[in-house]
Amino acid sequence: TNYNDYERSSMDCPISSSNIGYKLLKKMGWSEGKGLGPELEGRVDPIRIEIKEDFWGVGKDEEMNSYYQMVTSKPKPTQTEIIANETEEEKKIREEKVRQEEELKKELKAINSVFYCSLCNKQYAKISEYEQHLDSYDHNHKKRFMEMRKTEKLNNKKREGDKKRLKEQKRNEKEMQML
């Protein structure tokens, strides 16, 4: 619904005297400019109403604005700025941390090398992944294909050897016939 089509009361524009709510208040003894209640001590000015056109919850806008102001008030220093401003002790600590991280990476690489499938040229980080790969169709298909190639090569060598022997026999037979 478009709320712009309705007449809206605000802090600047009070409700008109033709309004049903205005007429009911007058009927109950209220006079303009006075508060509500038996002592007429109630609120005189209307409560400001803002129509929310976003889909966030009540107060979320203020929370987001305060977060944005906090984040953008002081920019985060870059790594080069941090390194340029560090002391000798901080530099040693940082370098030691980097060295430890590199050692850890090397150790992990050595440990994970057990989970490398040379047939498929694939590296795995967990034993469960590696075992799943060994049971997979892809791995077994490559394995059978390699075995087939190997046996095919052996058969070809055997056939070539047989062909050579047959040629040798034929040549020998021809020589015998010539003699």
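So here's what we get for this one:
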read-out: Subset of the stretch 102-125 (residues that are surrounded by 13 or more Cβ atoms within 10 Å (Cβ to Cβ), more than 20 Å from Met146 (Cα to Cα) and either of a type in the set (S, T, N, Q) or touching a residue at least 24 places away in the same chain (Cβ under 8 Å) (or both)); value: Asn112
read-out: Set Gly59, Gly37: member being at positive phi and at pLDDT below 85; value: Gly37
read-out: Residue match in the stretch 154-175 (condition: within 30 Å of Tyr116 (Cβ to Cβ), in contact (Cβ under 8 Å) with a residue 24 or more places away in the chain and either assigned to a helix (DSSP H, G or I) or not hydrophobic (A, V, I, L, M, F, W, C) (or both)); value: no
read-out: Odd one out for Ser128, checked against (1) in the same structural domain as Ser113 (by TED's automatic domain parsing); (2) touching a residue at least 12 places away in the same chain (Cβ under 8 Å); value: (2)
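Rundown of residues vs (1) loosely packed, with under 10 Cβ neighbours inside 10 Å; (2) out of contact with any Ser or Thr (no Cβ under 7 Å at 6 or more places or on another chain); (3) assigned to a loop (DSSP other than H, G, I, E, B), yes/no style:
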site	(1), (2), (3)
Ile15	no, no, yes
Leu24	no, yes, no
Gly35	no, yes, yes
Pro38	yes, yes, yes
Glu41	no, yes, yes
Pro46	no, no, yes
Lys52	no, yes, yes
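The values are calculated or read from the model by the stated rules, or taken from the named source; none is laboratory data. Only a predicted model underlies this, so the values are computations on that prediction, with no experimental measurement involved. Positions of Cβ are generated from backbone atoms using ideal geometry, with glycine treated the same way; all protein chains shown enter the neighbour counts.
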